[in-house]
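Comments concern the structure below.
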């Protein structure tokens, strides 16, 4: 008989934006073997939340709170709320899936027998001030999962001596069901939404340049902040289709299937699910040369240099957009390289197998 393992995933996210970690949770939970159970604990913050609410929605405990509310103050309350459920579980693994929930993992570990796993889904800031000694957030983890080789530098920066493994994120190989439109419109997809560090606003001037020369559409998937509504007024003359938060998998799939090219402008990433999806759908890619994006795409993308203050050369970005539109052979080459790269390292099967091995190893 296989050992029962109960995995509790912890995350904190801005409720306004699309979350790659949500995709990570879904891929794992939907494909675990029968002996591994998953329960999510997610802190949702939003500037319009004025109260704290806790809702148990089946397999997810949802904590909604104001943006500036000190999240550490919620941990004791959440732990108290979880005690009855924890008492029914055996072989518990607490996974902290972003750099803000480790202390909740350690609170649980100090009071309930469990194992802890940290997952580095982001690229935190590195303080280079002379004499500064960084605090290791993963000092009490039984294992650490890095979603890309770029995470190794943080293990060194924190002087973290805990065991770690690189496990790339992964998705299913898509089944194409939508016929690509034949209307001479070239369609770009930007699946990272309007979160500032995703950089979409910075490439609007490039889109404006390209729209003057070709018939294009740019689909933007993902939520936005209220202050972005002014931007929508400024770009209403452009062929930018703001899809908002999209959670329906069929709708997301249809957007990728209609697309001719995927755009990225991130100033920071770790292992972007949108990037994996772009490769899985055989799309040519244009991206900033952010470290993790270069690691992900390698020669499957056209890269545009990002400056020290995360500025983007929009002339160069527009030039690469025009190349992809006008050079069919280039599109085909980039798409084929990206798809091959997806199959070799970013599939759901590979992520699942390696993650399950880690779960087993900590017990």
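Neighbouring Cβ atoms within 10 Å as the yardstick, rank 224, 214 fewest first.
Final ranking by Cβ density, sparse to dense: 214, 224.
If R₀ is 41 angstrom, what is the calculated FRET efficiency for the pair residue 159 and residue 333, using the beta carbon separation as r and rounding to 0.05? Could you put the intermediate results ahead of the total?
Numbers: r = 43 Å, r/R0 = 1.04.
The calculated FRET efficiency here is 0.45.
For helix 314-326, what angle does its Cα long axis make with the longest principal axis of the chain, in degrees from 0 to 90 and rounded to 10?
70
What's the extension gain from residue 67 to residue 247 if we count 0.36 nm per residue and subtract their Cα-Cα distance?
62.5 nm
Could you state the angle between the C-alpha long axis of helix 20-31 and the longest principal axis of the C-alpha atoms of the chain, as a value from 0 to 90 degrees rounded to the nearest 10?
60
Which whole-number percent is the relative contact order of the stretch 186-345 (Cα, under 8 Å, 6+ apart)?
On the way: 269 pairs, mean separation 39.6, N = 160.
Contact order relative to length: 25 percent.
I want the antiparallel fraction of DSSP beta bridges within the chain, as a percent rounded to 5.
Antiparallel bridges: around 10 percent, rounded to the nearest 5.
How large is log10 of I(q)/I(0) for the chain at q = 0.06, 0.07, 0.13 Å⁻¹ when the intensity is taken from the Debye formula with one equal scatterer per alpha-carbon?
The computed values of log10 I(q)/I(0) come out as -0.24, -0.32, -1.09.
Per residue of the chain, what 222 nm ellipticity follows from adding -39500 (n - 2.57) for every DSSP H run with n ≥ 4, rounded to the nearest 500?
-10500 deg cm²/dmol
Report the Cα centroid-to-centroid distance between the stretch 1-28 and the stretch 71-137 in angstrom, as an integer.
Rounded to whole Å, the Cα centres lie 14 Å apart.
In percent, what relative contact order does the chain have, based on Cα pairs under 8 Å that are 6 or more apart in sequence?
16
What angle, in degrees between 0 and 90 and rounded to the nearest 10, separates the Cα long axis of helix 328-345 from the longest principal axis of the Cα atoms of the chain?
Tilt of helix 328-345: around 10 degrees.
May I ask you to compute the full-extension gain from residue 225 to residue 173, defined as 0.36 nm times their residue separation minus their alpha-carbon distance, rounded to one decimal in nm? Intermediate results must be reported in sequence, preceding the final value.
Details: separation 52, 0.36 × 52 = 18.72 nm, distance 3.21 nm.
Length gained between residue 225 and residue 173: 15.5 nm.
Going by average Cβ neighbours within 10 Å, how do the peptides 194-202, 321-329 rank, with the highest at the top?
On the way: 194-202: 19.6, 321-329: 15.7.
The packing order, highest mean first, is 194-202, 321-329.
Normalised by the residues of the stretch 72-181, what does the relative contact order come to in percent, with Cα pairs under 8 Å and at least six apart?
Contact order relative to length: 20 percent.
Give the percent of DSSP beta bridges with both residues in the stretch 186-345 that are antiparallel, rounded to the nearest 5.
Of all bridge pairs located within the stretch 186-345, approximately 5 percent are antiparallel.
Averaging over all projection directions, find the projected area of the Cα convex hull of the stretch 134-227 and quote it in nm² with one decimal place.
10.6
Among 293, 243, what is the fewest-to-most ranking by other Cβ atoms within 10 Å?
243, 293
FYI, it's all coordinate maths here, none of it is from the lab. Since this is a predicted model, take the numbers as computed values, not measurements. Backbone-built Cβ (ideal geometry, glycine too); neighbour counts: all protein chains shown.
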